[in-house]
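Trainee: Pasting a structure here, questions to come.
The values are calculated or read from the model by the stated rules, or taken from the named source; none is laboratory data. Keep in mind that what you see is a predicted model, and the values were worked out from it rather than measured. With ideal geometry, Cβ positions are generated from the backbone for all residues, glycine too; neighbour counts draw on all protein chains shown. When the accessible area is computed, the model is the full protein with side chains, heavy atoms only, and any ligands, DNA or RNA have been set aside. Shrake-Rupley method; radii C 1.70, N 1.55, O 1.52, S 1.80 Å.
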Amino acid sequence: MARGSITELGPDKWRVRLDAGQTADGGRRQASKVVNGGRRAAEKALADLIRAEEKIKQQRADTLRDFIKSWLEWKEPSISPKTVSVYESSLKRIPETMLRLPVRAIDGRKLDDLYRKLAREGASPYVIRQVHSALRSAFTTAVKWELIDSNPAIKASPPSIPRSKAIAPTAVEVARIVEAAAEKYGKPMAAFFALAAMLGTRRGELLAIRSSDIDFASKKLAVNKSLIYVPNKGSMLKSTKTGDERSLALDVMAIVILQSRLDEIASATGAGFTVVSDPYVFAGDPTGATAWHPDWPTHAFSFVCKALELDYHLHQLRHFTATQLIAAGVDIRTVSGRLGHADPSITLKVYSHSVQAADVRAAEIMGEIVSPKKPKNSLKST
């Protein structure tokens with residue numbers, strides 16, 4: 001129980017102090033205040049400190065469930081809808097027995113027990129890391145709100161995610177995929193896969209491209225948005241993953257593909273539709289006002305690859321772009337810029353194997369340059 005004291009410092013001057021007990025690390029939680037006035041003013045100030053402490057204690061008694069609910073409501077306006085959805089689905093994996101515990105009762109060991117339980121139930125290391133990430137963010141806020149004294153997630157040990165090499169299809173396989181997509185789904189899907197392989201954009205970034213993002217005169221494409229799908233909310237636009245806009249140079253083939261897509265959309269006017277002034281390049285309706293559902297090209301890619309007996313997923317077209325550019329000798333900063341990585345070090349980390357392969361070729365080139373050359377046979381004078 002909190003204990004308070006009033007000490008007279010001088011005429012009509014008092015110090016009120018509240019001892020609120022021990023913190024988790026063995027220290028003392030105290031609050032004090034200097035009050036001017038009579039004894040009654042000092043007593044009132046102490047009563048205010050006690051009421052504030054009782055309010056904090058009440059908050060600290062909140063269950064993990066109550067806290068998570070409050071935290072998500074507070075956090076939602078400052079993060080993307082997709083992140084909110086990931087947090088919600090991750091936190092749903094917390095068992096009822098843990099949700100009923102007070103926030104202060106959660107420690108590193110309980111979180112480790114949770115991670116082991118999820119692993120036994122078949123959750124992948126990636127999924128468990130998502131749960132850990134959501135809890136760590138939540139408990140960071142709990143510390144700021146003074147509900148707990150330290151973040152228990154920092155002391156927990158979630159499983160590491162095995163780093164795998166970024167595998168990409170070959171140029172021949174990409175050509176087969178594009179051709180098969182045209183046969184199965186038509187030219188628009190083939191165009192999507194071709195541009196994804198050529199530009200290295202993320203799925204949502206390519207789906208968000210509208211006519212106004214293309215500068216045909218300067219052969220530039222502005223990538224500044226991403227289309228995402230959030231369960232129970234539908235498709236919506238957000239900023240790119242890094243929050244930055246980037247400009248991609250377009251070659252002749254990319255220009256032809258993009259122009260063809262817009263021409264196909266414009267032709268809908270002949271069928272009685274009114275095309276919007278700024279249509280999506282990959283529109284899901286004849287007017288160009290609505291983009292494809294984000295899952296549509298993913299499912300189509302999986303179907304095509306399965307039919308071709310290839311084991312790839314759509315994101316690996318992005319790997320194709322990176323590995324091809326690195327193999328061609330394009331510098332890492334340029335590759336990173338086209339991919340939209342926040343920093344070239346990310347590109348180096350993800351595609352280290354491609355960089356190593358390029359380094360071997362670089363060594364061979366330098367060896368050819370500096371190796372002694374055999375002198376040409378000169379004509380002997382007679």
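Trainee: Could you check region 71-88 and list, in sequence order, the residues that are in a helix (DSSP H, G or I), modelled with pLDDT under 90 and among the hydroxyl-bearing types (Ser, Thr, Tyr)?
Mentor: SER78, THR83, SER85
Trainee: Residues in region 154-171 that are of a type in the set (A, V, I, L, M), within 20 Å of the chain's Cα centre (by Cα) and surrounded by 16 or more Cβ atoms within 10 Å (Cβ to Cβ): how many? Even if it seems obvious, please write down each step before you answer.
Mentor: First pass over region 154-171, keeping only residues of a type in the set (A, V, I, L, M): 154, 156, 161, 166-168, 171.
Add one more test, that the residue is within 20 Å of the chain's Cα centre (by Cα), and what stays is 161, 166.
Pick out the ones that are also surrounded by 16 or more Cβ atoms within 10 Å (Cβ to Cβ) and you get 166.
The number of residues fulfilling the criteria is 1.
Trainee: Can you name the number of the only condition in (1) at pLDDT below 95; (2) more than 27 Å from the chain's Cα centre (by Cα); (3) open to solvent by less than 60 Å² (accessible area, probe 1.4 Å) that GLY270 fails?
Mentor: (3)
Trainee: Right, next: Kindly state which helices (runs of 4 or more DSSP H) lie completely within region 289-358 and contain at least 3 residues that are out of contact with any Phe, Trp or Tyr (no Cβ under 8 Å at 6 or more places or on another chain) and modelled with pLDDT under 95.
Mentor: By residue number, 316-327, 332-339, 344-350.
Trainee: State which residue is nearest to the chain's Cα centre (by Cα) when the search covers only region 273-309 and only residues that are among the hydroxyl-bearing types (Ser, Thr, Tyr) and exposed (fewer than 12 other Cβ atoms within 10 Å of the Cβ).
Mentor: SER277
Trainee: I'd like to verify a number: residues in region 321-338 that are farther than 17 Å from LYS165 by Cα and aliphatic (A, V, I, L, M), how many?
Mentor: Total satisfying the criteria: 4.
Trainee: Residues to consider are VAL223, VAL127, VAL174; find the one that is more than 19 Å from the chain's Cα centre (by Cα) and either open to solvent by 60 Å² or more (accessible area, probe 1.4 Å) or of a type in the set (A, V, I, L, M) (or both).
Mentor: Going through VAL223, VAL127, VAL174 in turn, the sole match is VAL174.
Trainee: Let me ask something else about it. Scanning region 5-51 for residues that are touching a Leu at 6+ places or on another chain (Cβ under 9 Å) and open to solvent by 90 Å² or more (accessible area, probe 1.4 Å), which turns out modelled with the lowest pLDDT?
Mentor: So the residue we want is GLN30.
Trainee: Identify the residue in region 65-106 that is of a type in the set (D, E, K, R) and open to solvent by 90 Å² or more (accessible area, probe 1.4 Å) and, among all such residues, is farthest from GLY234 (Cα to Cα).
Mentor: Among those residues, the one meeting the criterion is ARG104.
Trainee: Among ALA208, ALA180, ALA196, which is the only one that is open to solvent by less than 70 Å² (accessible area, probe 1.4 Å), in contact with a Cys (Cβ under 9 Å, 6 or more places away or on another chain) and touching a residue at least 24 places away in the same chain (Cβ under 8 Å)?
Mentor: Answer to the selection: ALA180.
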